[in-house]
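The values are calculated or read from the model by the stated rules, or taken from the named source; none is laboratory data. Small disclaimer: the values here were computed from a predicted structure and weren't measured. Quick reminder, even Gly has a Cβ in these numbers, built from the backbone with ideal geometry, and neighbours come from all protein chains shown.
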Amino acid sequence: MLCRKIIHIDMDAFYASVEQRDNPEYRGKPIAVGGAGNRGVVAAASYEARKFGIHSAMPGKQAIKKCPEIIFVKPRFDVYKKISRQIIKIFKEYSDLVEPLSLDEAYLDVTNPKKGKNSATLIAKEIRNRIYEELNLTASAGVSYNKFLAKIASDIKKPNGLFVIHPEEAADFINKLPIEKFHGVGKVTAGKFKSLDIHYGFDLKQMQIDFILKHFGKNGLFFYDIARGIDNRKVEPERVRKSVGAERTFSNDLSNENELYNALEDICNILFERLLKSGLWGKTLTIKIKYYDFSQITRSKSFSEPLQNKKDILKISSELMHKNRIKDKPLRLLGVSFSQLESASHSIGKQLKLELNAQK
């Protein structure tokens with residue numbers, strides 16, 4: 001069986017790094033790309049700001065409390081998109097199998113590269129060097145035989161690092177990997193794993209498939225496979241993105257109002273971070289509800305302007321859920337997505353302009 005060669009490239013603090021590159025006065029200082037007003041949000045934070053616990057999707061007011069000297073910079077999504085296209089152009093010199101996940105990260109399948117040596121490690125190194133030489137930006141890369149391990153690897157030596165997980169090293173690596181480091185395992189799922197005394201990949205690997213499916217639903221099969229280093233997902237070439245969403249299948253069907261609200265809040269937080277990374281906002285919000293008996297409904301609400309505030313997204317999602325769900329039927333899945341997408345440069349630009357005018 002052919003062993004695939006997968007690279008995951010992730011730009012280092014992309015939006016913030018572009019601003020520090022183009023504005024020497026920001027270099028070495030904690031900066032946040034986004035808004036500092038009452039409804040402002042951090043779209044990206046420099047590594048200097050991250051030392052204070054500042055991260056994307058954090059309210060601007062909270063970022064100021066954590067670091068009073070932080071510098072807020074207006075986003076320039078048109079610039080970020082232009083640079084992202086330049087980076088993708090470099091990727092496509094080496095492979096036609098390029099799958100962008102957002103403006104700042106992508107998978108490449110270089111099993112049969114178009115140029116360079118037949119080594120994913122050497123290709124990743126060359127790509128990183130070219131990004132630095134041509135764009136004066138740094139990127140981190142992970143290399144392995146599947147998408148799951150390549151993505152995990154790209155985060156290990158950030159920033160400006162390269163990490164390789166060879167097939168013969170995968171089992172030992174996964175065994176020692178903390179469960180919260182598994183891609184696809186958020187805070188809620190990590191807490192669930194730990195309540196079951198599953199703290200590392202080794203612990204997960206000991207669990208029988210029936211046990212995992214019982215507690216994690218359809219996602220259980222994915223967890224069962226990745227604990228064994230199995231991930232057969234293909235690198236999908238670039239497609240025009242029509243929607244951005246997040247959903248969660250519950251390990252136990254939910255009907256309690258507080259539990260449903262907490263679950264919805266987690267989903268909206270994940271969705272909001274994905275919107276920030278994609279550089280897109282949406283005008284149509286859709287909620288997806290699947291009941292315990294697998295019957296399903298979707299309900300949507302459209303707006304004249306894109307929704308760009310996390311509180312608004314949660315509020316409207318909650319209203320749609322409570323208005324449309326059948327109260328005596330437990331839910332097994334809940335999802336929220338946006339369509340009618342447009343560039344964040346328009347919507348965040350409007351938001352920041354309003355904030356600046358309000359401050360005058």
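Structure values in brief
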| read-out | value |
| --- | --- |
| Candidate set: the stretch 153-165, residues that are without any contact (Cβ under 8 Å) to a residue 24 or more places away in the chain and in contact with a Phe, Trp or Tyr (Cβ under 8 Å, 6 or more places away or on another chain); chosen: the one surrounded by the fewest Cβ atoms within 10 Å (Cβ to Cβ) | LYS157 |
| Residues of the stretch 122-153 that turn out to be assigned to a helix (DSSP H, G or I) and over 24 Å from SER17 (Cβ atoms), as a count | 4 |
| Checklist (1) out of contact with any strand residue (DSSP E or B) (no Cβ under 6 Å at 6 or more places or on another chain); (2) without any contact (Cβ under 8 Å) to a residue 60 or more places away in the chain; (3) surrounded by 17 or more Cβ atoms within 10 Å (Cβ to Cβ); (4) of a type in the set (Val, Ile, Thr) applied to ILE64, failing item | (3) |
| Test for LYS277: is it basic (Lys, Arg), over 30 Å from PHE211 (Cα atoms) and not assigned by TED's automatic domain parsing to the domain that holds ASN38 | yes |
| Odd one out for LEU101 among (1) buried (at least 19 other Cβ atoms within 10 Å of the Cβ); (2) under 19 Å from the mean Cα position of the chain (by Cα); (3) aliphatic (A, V, I, L, M) | (1) |
| Residue list for the stretch 266-295, restricted to those being out of contact with any helix residue (DSSP H, G or I) (no Cβ under 6 Å at 6 or more places or on another chain) and small (Gly, Ala, Ser) | SER278, GLY282, SER295 |
| Hits in the stretch 1-32 (condition: β-branched (Val, Ile, Thr) and farther than 30 Å from VAL235 by Cα) | ILE31 |
| Residues (of a type in the set (A, V, I, L, M, F, W, C) and outside any helix (DSSP H, G or I)) located in the stretch 65-89 | CYS67, ILE70, ILE71, PHE72, VAL73 |
| Residue in the stretch 1-15 that is surrounded by the fewest Cβ atoms within 10 Å (Cβ to Cβ), counting only those that are outside any strand (DSSP E or B) and in contact (Cβ under 8 Å) with a residue 40 or more places away in the chain | LEU2 |
| Check on GLY201, outside the structural domain of LYS81 (by TED's automatic domain parsing), touching a Pro at 6+ places or on another chain (Cβ under 6 Å), surrounded by 19 or more Cβ atoms within 10 Å (Cβ to Cβ) and at negative phi | no |
| Per-region count, the stretch 277-332, residues among the β-branched types (Val, Ile, Thr) and surrounded by fewer than 14 Cβ atoms within 10 Å (Cβ to Cβ) | 3 |
| Residues being closer than 18 Å to GLY279 by Cβ and part of a strand (DSSP E or B) - total across the stretch 40-64 | 5 |
| Yes/no for ILE156 being within 23 Å of LEU276 (Cα to Cα) and assigned to a loop (DSSP other than H, G, I, E, B) | yes |
| The lone exception for TRP281 - which of (1) at pLDDT 90 or above; (2) aromatic (Phe, Trp, Tyr); (3) not in a helix (DSSP H, G or I) it fails | (1) |
